[in-house]
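Below is one structure; the comments refer to it alone.
Values quoted throughout were computed directly from the atomic coordinates according to the rules given, and no laboratory measurement underlies them. Owing to the predicted nature of the structure, the values given are computational and were not obtained by experimental measurement. Note that we place each Cβ from the backbone using ideal geometry, even for glycine, and neighbour counts take in every protein chain shown.
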Number of protein chains: 4
Amino acid sequence: MRFGLLGAGRIGRIHGLNVAARGDATLVALADASHDAAASLAAVSGAKVASAEAILSDSSIDAVLICTPTDTHADLIEAAVSAGKAVFCEKPVDLDAARIRRCLDIVAKSGKPLMIGFNRRFDPNFSALEKRLRMGEAGAIEIVSVISRDPSPPPVDYVKRSGGLFRDMMIHDFDMARFLLAEEPVEVFALGSALVDPAIGAAGDVDTAAVLMRTASGKIAQISNSRRASYGYDQRIEVHGSQGMLRAGNIHETTVEIATGAGFRADPVQNFFLERYAGAYRAELDAFIAAVRDRRQPAPSGQDGLKAQILADAATESRRTGKPVAVALETI
Amino acid sequence: MRFGLLGAGRIGRIHGLNVAARGDATLVALADASHDAAASLAAVSGAKVASAEAILSDSSIDAVLICTPTDTHADLIEAAVSAGKAVFCEKPVDLDAARIRRCLDIVAKSGKPLMIGFNRRFDPNFSALEKRLRMGEAGAIEIVSVISRDPSPPPVDYVKRSGGLFRDMMIHDFDMARFLLAEEPVEVFALGSALVDPAIGAAGDVDTAAVLMRTASGKIAQISNSRRASYGYDQRIEVHGSQGMLRAGNIHETTVEIATGAGFRADPVQNFFLERYAGAYRAELDAFIAAVRDRRQPAPSGQDGLKAQILADAATESRRTGKPVAVALETI
Amino acid sequence: MRFGLLGAGRIGRIHGLNVAARGDATLVALADASHDAAASLAAVSGAKVASAEAILSDSSIDAVLICTPTDTHADLIEAAVSAGKAVFCEKPVDLDAARIRRCLDIVAKSGKPLMIGFNRRFDPNFSALEKRLRMGEAGAIEIVSVISRDPSPPPVDYVKRSGGLFRDMMIHDFDMARFLLAEEPVEVFALGSALVDPAIGAAGDVDTAAVLMRTASGKIAQISNSRRASYGYDQRIEVHGSQGMLRAGNIHETTVEIATGAGFRADPVQNFFLERYAGAYRAELDAFIAAVRDRRQPAPSGQDGLKAQILADAATESRRTGKPVAVALETI
Amino acid sequence: MRFGLLGAGRIGRIHGLNVAARGDATLVALADASHDAAASLAAVSGAKVASAEAILSDSSIDAVLICTPTDTHADLIEAAVSAGKAVFCEKPVDLDAARIRRCLDIVAKSGKPLMIGFNRRFDPNFSALEKRLRMGEAGAIEIVSVISRDPSPPPVDYVKRSGGLFRDMMIHDFDMARFLLAEEPVEVFALGSALVDPAIGAAGDVDTAAVLMRTASGKIAQISNSRRASYGYDQRIEVHGSQGMLRAGNIHETTVEIATGAGFRADPVQNFFLERYAGAYRAELDAFIAAVRDRRQPAPSGQDGLKAQILADAATESRRTGKPVAVALETI
């Protein structure tokens, strides 16, 4: 499979190198507004630098990876599927659900596959947990808990453009909750505070938040987020079921432990999302290539992207109004 | 210190034997509607069987332990403090907050000490965590999480008389959240479902529930409850703070672990609350005796009992109405 | 069952109070060379103070607990069984194996039960592991590992009278290895150094030691000891078998854990043998009383005491000569 | 740096691909007696297939990786250093210590760097532990424990040619013990049995073994090996020191844990040495390239290879004779 890459920034570079390292795929060309970023990745990946237009119009390219800024995603997805490409796009499709809907209509008409980069579904730990859940190891699902805490808050400038914590950070957890629940939430209630950095609060956003959701059958999901965890990048899931509890946790930097009079001390957990999710990014690409090759719709789909966005919007509204917000994802 | 015991059922027996085993306290007399329960505990504790009236009017008795059915608590507290006794009463004071307020007025007028049996504050693990939190080990508190899951649901008959899960079971977690937050919640949102036993739902109650609360300064507390955990009695707390995360967990039945091709298997966690909290019950009695002896107000106080009840009432209302409920505990 | 206690020091006090707390046994009388120790325990246990002779000649006493200094054990065992008592004696019977043999001959002739206080067999963790081993959970036993490390070294004066580390400290581990192997060692090789306290080396003893043993069928046991562990009282066992590995470890002071930039820190392990083995001492007494009542030979028996002593002697000799030492325990 | 690879079997393939994946090194040519193995690796690595002679006489090649059968190692090392190459050779240099000595003499005369593939020193966990040990975190070293258990025994044919468990398997642990002790052992005592596979015993070897060693200053090392662990590839180290205990353990396949009535079950540990030590192989190559580039002697050196071999020989002799064997590594 021949790939074009749009966007050679931090995450684009990861995906580009993952394609280049495969035996069954080639990174043919890449585009980036920054000449340096493009040239640097081209040098190590063997791809040529090209414009986005040239990539989309190159009929030898089967698939494109969209890793550009968020506000270009929907346009590029439309252009790429219209050019007959299979598309992998980093989350989110757009910060506006209505825009996402229009984009997905065009994707649907094109008949081309679209996959959204909710990488955590492909984390080996979370993926294994989900498979075991589906096999019934925990029985019927009752309570899903997702904990997600970043090592440190982003700059306020980033926060201002981000759409807010619920759309920028917790969107991963909304997708994870849906992935684990296997039933759509119908109601969202959110709390949020600026406890980490007052400047985030001054910018109208929160850095500490929690959400409760329920499904039609009464399953409960709880999510908590913080923009700062002193001990590393904290990513945990736990599912309480009728026959057992399944959980998956963090990875410590090493297995070394020291015991002294102060107690037993293990390492902090991996601190950086590119390190923690390195395996997830590779597995995500595996899944995309396999789905395209087997002419299956990849998951997570554009609809999954839309639904997570709707939950993030609902949480944002709930936090603003102080009231729970009903959502209707089943009909999407 | 000379003790009288009102109520010699399961929990009364625990407290009675704990008094009898001490060198600095004597269990003088005990009363129970069941002659057998009273006689059985009298035989092993060395106390005499008496009526509640006789115990309250015995001027040689300094303190009474109230372990009778909930609907007698408030009356007995009032009678006991009026008779000049120091009082330890099992939670809750009453299922009706207004009744609790009237009772606490009488206690206040009496000037006698009243302690409420929120035993979990005295669990050595939770107690150590709270002390370290107060010493600032985790920095400023941001998110408090409390998980509480019973091994198996109570009979529906019990559920019908219980006041509902929020007042019967989660009340412990409301107290724990207040204990850890060290700031009063101002808002409560609750979800609940009957997923474990449909008969509990038919009785108008829930067996699976989650609550979100926030304080005036924006601290967040999340609580989840289930009436059934296949793997034991699950009692965990976690506090995320600006400088660290403190957590305390369950106690496995033994430290034995087996590794085979199926993985590494540790024991289930302790299954029964009397086993899990045996140390807590002893430490709770220590605290009561020390406070009475030193003429300090014991904690948790009657006000703590009232506040937990108000939070449980708010959660019950939130679950019924689907809306968050504001509470004003600071003024109590 | 009516008990007399000989020796009211630290360990005698534990056993005496454990008897006194039971419903099915009474501590009738106790003797100690120290009047204060005897009087203090008598006051809290309800037993009377008496001479050893009076206790042994009191026909109303069924069983005696021998907790006196080591050099009196063999004489007191002989006197007690000759007086028709069931006997529980703290380890060791004697530091001289020949003396133990003579003592056990007299016990055998008396027909009275004798149990030796290898308390670790009764630790709930180790006991559960051994039961699961016997049920075949780990398959055939191949390697038994025992780790035993004290919090801090004893005074050199104590060391001089102790018989040396192998007889004073590792004797527990020899018994544990035999308990787990369920087959007698036939060879012992020992290394030892004075690394903790040079004064222990100057006194001719070691404070750091390791032993390898093998059984006739080729099973291997490894033991390591240190007189000092900065992180608490370290007591671990591990059995590698054909179908799995079973291990049991230490108990942390609490389940509290803190995560910060320095990592995840759990508490030290319980620091004191009386705390760590409190449950073991109670279970040990259960086993003694049950065996005497059911007219079964209690385990660990006098022979178990002798065999552990022979292994300790062999290790001592091996360390001195630098050569492995053959032992023949099957014939005892 | 331009590399030639001698031997393209399982481990040669790992090293070859690791070279090929680097930006600072090129795999120029490779040789293998099996045309298929050579061609397969050439195809994915971009190296050409050549004879060993051609590789050694190619003056454009700076360094060779020797991954051929053991009995060719010494000859190839000699030829390679004589041809002016830097050499990385898989362990062992030879099964005969005298042959190793002659080989190292030639290496010494050549002045070329030689590194031996004791990959475990480069495992991120063990490497981090060793660094912290050297920084004094555990204080003075007293007891070093190394546990090494393979998932399943090799074929008896392999065993017959292997030099025996001590030289084939435990040699890694001898190197690890030396690495951690930072002081040479002066005495070795070994026990061994064929408990896993009687055919291994019939072939004159053992599959279950334990070793005790001491250093001149009295530090103790204990090693245990089994050729079969039902629960994965078990690789653990623990160092007991005067101020603390440092340990590093296994890596579970995932962080998923399930709790049910049967207890809490974690995954087996990684089962295959190429998976467990994938990072170690990369770090080992880093160290070799850095040392050659900086004109430093790489570690582990040929002398480290010789010393581990001498310890393995001593253990083999000890097992055969039943006696401890003295070794003099300081003078090498």
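As an equivalent ellipsoid, the protein assembly as shown spans semi-axes of 56, 51, 22 angstrom, where each value is the square root of five times an eigenvalue of the C-alpha gyration tensor, largest first. Here is how the number arises for chain B: DSSP H runs of 4 or more residues each give -39500 (n - 2.57), the sum is divided by the residue count, and the result at 222 nm is -11500 deg cm²/dmol. Springs join every pair of Cα atoms under 10 Å in this Gaussian network model of chain A, and among A:A20, A:A278, A:A290 the largest mean-square fluctuation is at A:A290.
Between 0 and 90 degrees, the angle of helix A:35-45 with respect to the longest Cα principal axis of chain A falls at about 90 degrees.
Across the identical copies, the 7 Å label point of B:A140, projected outward along Cα→Cβ, sits 4.4, 4.8, 6.5 nm from its counterparts, in ascending order.
With no solvent and one equal point scatterer placed on each C-alpha of the stretch A:199-249, evaluate the Debye formula and give log10 I(q)/I(0) for q = 0.18, 0.25 Å⁻¹, two decimals. At q = 0.18, 0.25 Å⁻¹ the computed log10 ratios are -0.79, -1.07.
Size descriptor for the stretch C:1-145, Kirkwood hydrodynamic radius: 16.3 Å (Cα pairs only, one decimal). Averaging 1/r across all pairs of distinct Cα atoms in chain B and inverting the result yields a Kirkwood radius of 20.7 Å.
Once you keep just the Cα pairs under 8 angstrom separated by 6 or more residues, what percentage relative contact order results for the stretch D:196-303? Averaging sequence separation for qualifying contacts and normalising by length gives 15 percent for the stretch D:196-303. Measuring spread by the Cα atoms of the stretch B:40-118 yields a radius of gyration and Dmax of 12.7, 39 Å. Across the stretch C:223-236, computed HN-Hα scalar couplings (Karplus, 6.51 cos²θ - 1.76 cosθ + 1.60, θ = phi - 60°) run 10, 10, 10, 9, 7, 8, 10, 4, 9, x, 8, 9, 9, 9 Hz from first to last residue, x flagging Gly and Pro. Considering only C:A182, C:A266, C:A312, the Gaussian network model of chain C with Cα springs below 10 Å gives its largest mean-square fluctuation to C:A266. Each copy carries a label point for C:A202 at 7 Å from Cα along the beta-carbon vector; from one copy to the others these points are 6.0, 6.8, 8.2 nm apart, nearest first.
Whole-Hz Karplus values for the stretch A:257-273 come out as 9, 10, 10, 9, x, 7, x, 9, 10, 9, 5, x, 8, 3, 9, 10, 5 Hz, taken residue by residue from phi with 6.51 cos²θ - 1.76 cosθ + 1.60 and θ = phi - 60°; glycine and proline positions read x.
Residues A:E130, C:E183, arranged from fewest to most other Cβ atoms within 10 angstrom of their Cβ, appear as C:E183, A:E130.
Cα convex hull, the stretch A:135-177: 85 Å³ per residue, rounded to a whole number.
When the Debye formula is applied to the Cα atoms of the stretch B:1-79, each taken as the same point scatterer, what base-10 log of I(q)/I(0) results at q = 0.16, 0.17 Å⁻¹? So the normalised log intensities are -0.48, -0.54.
Couplings 3J(HN,Hα) for the stretch A:170-175, derived from phi with the Karplus relation 6.51 cos²θ - 1.76 cosθ + 1.60 (θ = phi - 60°), are 6, 4, 4, 6, 4, 5 Hz, where x marks Gly and Pro. Averaging the Cα positions of each part gives two centres, and for the stretch B:27-95 and the stretch C:92-162 these lie 48 Å apart. The rotation axis taking chain C to chain A passes closest to the C-beta of one chain C residue; that residue and the distance in whole Å read C:R265, 2.
For D:T254, nonlocal amide neighbours, meaning residues 5 or more places apart or on other chains whose placed amide H falls under 5 Å from its own, are D:D267.
Taking every residue in A:22-30 and counting other chain Cβ atoms within 10 Å of its Cβ, the average works out to 0. For the stretch C:239-268 versus the stretch A:194-245, the inter-centroid distance based on Cα atoms is 28 Å.
Compared with the direct C-alpha span, the chain from C:A39 to C:T321 gains 96.8 nm at full extension, assuming 0.36 nm per residue.
Mean partner shielding of peptide C:229-242, defined as the number of other chain Cβ atoms within 10 Å of each residue Cβ, is 5. What separates the C:R161 label point from its copies, with the point 7 Å along Cα to Cβ, is 6.2, 6.5, 8.0 nm, written shortest first. Peptide A:186-199 has a mean shielding of 4, counted as Cβ atoms of other protein chains within 10 Å of each residue's Cβ.
Evaluate the charge dipole of the protein assembly as shown about its Cα centre and quote only its size in Debye, nearest 20, assuming +1 on the Cβ of each Lys and Arg and -1 on the Cβ of each Asp and Glu. All intermediate terms of the calculation are to be shown ahead of the outcome.
Working: 152 positive and 164 negative charges, 0 e Å.
Dipole size: approximately 0 debye.
Each Cα pair under 8 Å and six or more residues apart adds its sequence gap; the mean of these over the residue count of chain A is a relative contact order of 19 percent. Result for chain D in a Gaussian network model with C-alpha springs under 10 Å: among D:R178, D:R265, D:R214, the largest mean-square fluctuation is at D:R265.
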